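The structure's right below; bear with me while I get my questions together.
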Amino acid sequence: PFGAFYPAETAACFTEALKQAVLRRGVPRRLYCDNGATYRTQHLQVACATLNIALIHSRPYKPRGRGKIERFFRTARSTFLPHLTSEMLADIGALNRVWWAWLEAEYHHTPHRGLEGDTPLDRFMADEALVRRAPEDLDRMLRMKVNRRVARDRTVRLQGRLYEAPDGYAGESVEVLFDPYDPARPVHMRRRGENAEITLHRLDAAVNATLP
């Protein structure tokens, strides 16, 4: 569905790859991962639950359960890596442009013995009617969700930072929605069981101290 080279194997990078895969090929019914820490985060569990994706982890020490992806890696090593130059390897952007060209123009259009001679794209399109299209609000659906209690001074603590809730929420239990990997993105909250969201702003301690 999608692949890319990233500077590190982190949960943030995997989430971005998952997002791009959904945008290109739709929402999967199952997401099959290995047991690395990157694939066992609470955020991934929340995102999959929100998108109605069954998150499945392979059995530890059972490499045959990951045979398909290992076979793909072998194909990539034998047919893609030989074309790389030192210039491509020095620039991750250039490397990914070459990778995507190979993936979309060559790999997806090459007949595959494991698919009885079909190409990967042909096999995917045969089930096009089953594809769940990416939701328009995908970014919002990929947010992390945690429960927090608004303090008496109307503050909410999140990832070591304080945010200020509107008047009237002191003492309430609310659901906070945010991007766990980008603190610059907006943080929202909503009452339990409600859909209406309110934007939280970073605490201005001087102003907060003057409020009744």
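The values are calculated or read from the model by the stated rules, or taken from the named source; none is laboratory data. Remember, predicted model here, so these are calculated numbers, not experimental data. Backbone-built Cβ (ideal geometry, glycine too); neighbour counts: all protein chains shown. What goes into the accessible areas is simple: the full protein's heavy atoms, side chains included, and nothing from ligands, DNA or RNA. Shrake-Rupley method; radii C 1.70, N 1.55, O 1.52, S 1.80 Å.
Place a point 7 Å from Cα of His109 in the direction of its Cβ. Which residues in region 81-101 have their backbone N less than 15 Å from it?
100-101
Would you mind finding the longest exposed-site-free stretch of the chain, with exposed chymotrypsin sites (Phe, Trp or Tyr not before Pro) meaning DSSP loop and at most 12 other Cβ atoms within 10 Å?
Working: sites that count: Phe5, Tyr61.
Between exposed loop sites, the widest span is 62-212.
Using only the heavy atoms of the protein chains and a 1.4 Å probe, how would Lys68, Lys19 rank by accessible area, largest first?
On the way: Lys68 185, Lys19 45 Å².
Largest to smallest exposure gives the sequence Lys68, Lys19.
So which trypsin sites (Lys or Arg not before Pro) in region 99-169 pass both tests, a DSSP loop state and at most 14 other Cβ atoms within 10 Å of the Cβ? Mind showing how you got there, number by number?
Values: sites: Arg113, Arg123, Arg132, Arg133, Arg140, Arg143, Lys145, Arg148, Arg149, Arg152, Arg154, Arg157, Arg161; in loops: Arg133, Arg143, Arg152, Arg154.
In loop regions of region 99-169 (DSSP not H, G, I, E or B), the sparsely surrounded trypsin sites (Lys or Arg not before Pro) are Arg133, Arg152.
A follow-up question, please. Over the chain, give the accessible area per residue in Å² for a 1.4 Å probe, as an integer. Walk me through the numbers before you get to the answer.
Numbers: 13560 Å² over 212 residues.
Value for the chain: 64 Å² per residue.
Across 5 Å bins from the origin, how do the percents of Cα pairs in region 75-121 run, short distances first?
5, 21, 26, 22, 12, 7, 6, 1
Percent relative contact order of the chain, based on C-alpha pairs within less than 8 angstrom and at least six residues apart?
Numbers: 239 pairs, mean separation 33.4, N = 212.
Over the chain, the number comes to 16 percent.
Per DSSP helix of 4 or more residues, -39500 (n - 2.57); summed, then divided by the residues of the chain. What does that give at 222 nm, rounded to the nearest 500?
-9000 deg cm²/dmol
A follow-up question, please. Could you tell me the largest-minus-smallest coordinate of the C-alpha atoms of region 83-212 on each of the three principal axes, in descending order and whole angstroms?
Here the spans come out as 71, 42, 20 Å, largest first.
Another question, then. Could you work out what % of the accessible surface of the chain is carbon and sulfur, using a 1.4 angstrom probe and leaving DNA, RNA and ligands out of the count? Walk me through the intermediate numbers first.
Details: 7160 of 13560 Å².
Summing carbon and sulfur atoms, their accessible area is 53 percent of the total for the chain.
Roughly how many whole Å is it from the C-alpha centroid of region 36-82 to that of region 111-138?
18 Å
How big is region 83-155 by the Kirkwood estimate over distinct Cα pairs, in Å?
Working: mean 1/r = 0.0590 Å⁻¹.
For region 83-155, inverting the mean 1/r across all distinct Cα pairs yields 16.9 Å.
Select from region 108-155 those GluC sites (Glu not before Pro) which occupy a DSSP coil region and have at most 11 other Cβ atoms within 10 Å, ordered by residue number.
Details: sites: Glu116, Glu128, Glu136; in loops: Glu116, Glu136.
Filter output for region 108-155: Glu116, Glu136.
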